[in-house]
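Trainee: This structure is in structure tokens; I'll ask about it shortly.
The values are calculated or read from the model by the stated rules, or taken from the named source; none is laboratory data. Note that the coordinates shown come from a computational prediction; the quantities given were computed from them, not determined experimentally. Neighbour counts are summed over all protein chains in view; Cβ atoms, including those assigned to glycine, are modelled from backbone coordinates with ideal geometry.
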Amino acid sequence: MPKPRLRDLKVRDFMSRDVVTGTADEPVSEILGRMRTKDVHEIPIVEGKKLLGIVSMAAIARPKSLQPTTKA
């Protein structure tokens with residue numbers, strides 16, 4: 001079977017339907033715990049169905065003075 005070319009690939013081939021999300025009021029420690037549990041490196045932050053932003057593992061790890069109680 002030939003190897004698929006990049007232009008032949010569709011987003012649906014890689015996307016997740018069971019999306020792990022968080023809210024802006026959640027402590028970063030909970031978001032980090034969910035990332036570890038679900039083995040993901042980014043979590044969309046939502047309010048209802050509205051996307052507010054994305055929190056990444058790299059962004060959490062960067063600031064050394066980040067408190068676990070800091071909100072997402």
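Trainee: Could you run through the range 14-37 and say how many residues are in contact (Cβ under 8 Å) with a residue 40 or more places away in the chain and either within 14 Å of Lys49 (Cα to Cα) or hydrophobic (A, V, I, L, M, F, W, C) (or both)?
Mentor: Residues flagged as in contact (Cβ under 8 Å) with a residue 40 or more places away in the chain and either within 14 Å of Lys49 (Cα to Cα) or hydrophobic (A, V, I, L, M, F, W, C) (or both) within the range 14-37 amount to 5.
Trainee: Next question. Go through the range 5-50 and give me each residue that's outside any strand (DSSP E or B) and among the small types (Gly, Ala, Ser).
Mentor: Listed by number, the residues that qualify are Ser16, Ala24, Ser29, Gly33, Gly48.
Trainee: With respect to the numbered conditions (1) within 11 Å of the chain's Cα centre (by Cα); (2) modelled with pLDDT of 90 or more, which one is the sole condition not fulfilled by Ala58?
Mentor: Result: Ala58 passes all but (2).
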